[in-house]
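Asker: First the structure, then my questions, so here it is.
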Amino acid sequence: MDMAKERSNTTAEAEAVPKKEKKQKQPTRAGAVFGSILLFLLTLLFGICFLCSSILNSVLPQKTLSAAIAKMDLSQIQLSDHGKEQLIGKCLYDWYFWDAPNLTEEYAEKLVTMPECNQFLCDYLDDLSTYMTGDNSELPQLQPDDVADLLQEELGSKLTKETHMVFAEADRKSLNWTMGDDLNGWNSMLQHTIGSGFGKFLTRQLCNLSGMIAFGVLTVACFVLWLVLAVKKHWHKGRMFTAYGLAVAIPGLLVLAASGVTLLLVEAFHIPDALIFSKAGLPILLKPVALATLIPAAYGVLFTVIGICTNAAVKSKKKKAAAVSAPVPNAPAPEAPAPQAPDNAPAEPELRYTEMSGESHAPKTDDSSTVKFCPHCGAMNPLDSQFCGSCGKKMD
């Protein structure tokens, strides 16, 4: 009975073990892949927002954009008109001055070379920057009358001396007609994008220090969430660090590369032609952009390096564990001795010596009746011996 009970207990235990094993399902990698992709995209989005906010906060409040444009030669700007690249002075005449009675093509070309023209554009960009940063509550509007006032009041005497043309009231009316639609379209576009609603909120967040801090916190929060899920769900920590670092570093590295290549092409090779006008002001603009980009780029590269080192350490540990757990191969068995050919040669006779009584073993004629001599070796043996005591052979 005791033996039967023990057998039943062991059988029940053996059946219980597979049931427990069935409950423990192996985790699939689908959840890890989906979660990693989602968090990568989320980190990439917040990283781009943080990068843009960092650049805008380094350019707009310090009026770097207007300072760079003030150094540029706007008369060298090339625009496409009916599939043909032309200078901005020629385009300005063909688009807006063609109907004015006193404004000629020479007048338009002289206009874009004046420093006051650069200053007019810089003032407008400064007003737009103060609105984007929140220092000004009203979105600046660009009107044809502003351009007409520039030509008539600020540049009237200079342009008259250069071109011998006087800006008249008829020219103002012509500009209102030719420029009105384009400038109103520009103002309407700004109003719809950054003038109200979510666009206005997002623009001011990107251009404010508080917004840059908020996007930085969201980027770090993505890392914390990713790390918690990686620890809880047993994801690869090294891959998580690498993916997070790449999501943050890639946008910044691309901006740095683009800035460096653009500056090199314009300064050293004087190409492309469309950017030659910005040669003097481009370094002023790209320097703060590069410095602002270094922060997120270095942050992302740091996490990428940590992830790569973690992956290498994990792989090294796995190799060591596999080497320790692997069975030691058995030593090779000693080779069996080669079989020797049978020796058919007759064995050498074994010499056996029997101590005989007496002082001399020499045959004596008087002892021939009691001893006999071996016919093979001549040794003396007792008379009744069947084998020779010396050579061991049979005595005939």
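Asker: Has the stretch 250-264 got any residue that is over 19 Å from the mean Cα position of the chain (by Cα), over 30 Å from Leu65 (Cβ atoms) and either modelled with pLDDT of 95 or more or part of a helix (DSSP H, G or I) (or both)?
Answerer: Within the stretch 250-264, none of the residues are over 19 Å from the mean Cα position of the chain (by Cα), over 30 Å from Leu65 (Cβ atoms) and either modelled with pLDDT of 95 or more or part of a helix (DSSP H, G or I) (or both).
Asker: Quick test for you: out of Leu92, Leu79, pick the one residue that is hydrophobic (A, V, I, L, M, F, W, C) and either within 41 Å of the chain's Cα centre (by Cα) or part of a loop (DSSP other than H, G, I, E, B) (or both).
Answerer: Going through Leu92, Leu79 in turn, just one is hydrophobic (A, V, I, L, M, F, W, C) and either within 41 Å of the chain's Cα centre (by Cα) or part of a loop (DSSP other than H, G, I, E, B) (or both): Leu79.
Asker: How many residues, within the stretch 26-67, are β-branched (Val, Ile, Thr) and farther than 30 Å from Gln119 by Cα?
Answerer: The number of residues fulfilling the criteria is 5.
The rows are residues; the columns are (1) surrounded by 15 or more Cβ atoms within 10 Å (Cβ to Cβ); (2) among the polar types (S, T, N, Q); (3) outside any loop (DSSP other than H, G, I, E, B).
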{"residue": "Leu142", "(1), (2), (3)": "yes, no, no"}
{"residue": "Val147", "(1), (2), (3)": "yes, no, yes"}
{"residue": "Lys158", "(1), (2), (3)": "no, no, yes"}
{"residue": "Glu162", "(1), (2), (3)": "yes, no, yes"}
{"residue": "Met165", "(1), (2), (3)": "yes, no, no"}
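Asker: Considering only residues that are part of a helix (DSSP H, G or I) and polar (S, T, N, Q), look in the stretch 183-213 and name the one that is surrounded by the most Cβ atoms within 10 Å (Cβ to Cβ).
Answerer: Here the answer is Thr203.
Asker: Among Ile250, Ile271, Ile284, which is the only one that is in contact (Cβ under 8 Å) with a residue 12 or more places away in the chain, closer than 30 Å to Glu85 by Cβ and outside the structural domain of Gly134 (by TED's automatic domain parsing)?
Answerer: Ile284
Asker: A further question on this structure: Go through the stretch 106-120 residue by residue and tally those that are surrounded by 16 or more Cβ atoms within 10 Å (Cβ to Cβ) and either in a helix (DSSP H, G or I) or among the aromatic types (Phe, Trp, Tyr) (or both).
Answerer: Qualifying residue count for the region: 8.
Asker: Just the residues that are surrounded by 12 or more Cβ atoms within 10 Å (Cβ to Cβ), in contact with a Leu (Cβ under 6 Å, 6 or more places away or on another chain) and farther than 16 Å from Gly47 by Cβ, please, taken from the stretch 222-276.
Answerer: Residues satisfying the conditions are Ser259, Leu263, Val266.
Asker: Now a separate question. Just to check your reading of the model, which residue among Leu103, Leu65, Leu56, Leu51 is surrounded by 15 or more Cβ atoms within 10 Å (Cβ to Cβ) and in a loop (DSSP other than H, G, I, E, B)?
Answerer: Being surrounded by 15 or more Cβ atoms within 10 Å (Cβ to Cβ) and in a loop (DSSP other than H, G, I, E, B) holds for just one of Leu103, Leu65, Leu56, Leu51, which is Leu103.
The values are calculated or read from the model by the stated rules, or taken from the named source; none is laboratory data. This one's a predicted model, so the numbers in the text were calculated from it and none came from an experiment. Positions of Cβ are backbone-derived with ideal geometry, glycine not excepted, and every protein chain shown enters the neighbour counts.
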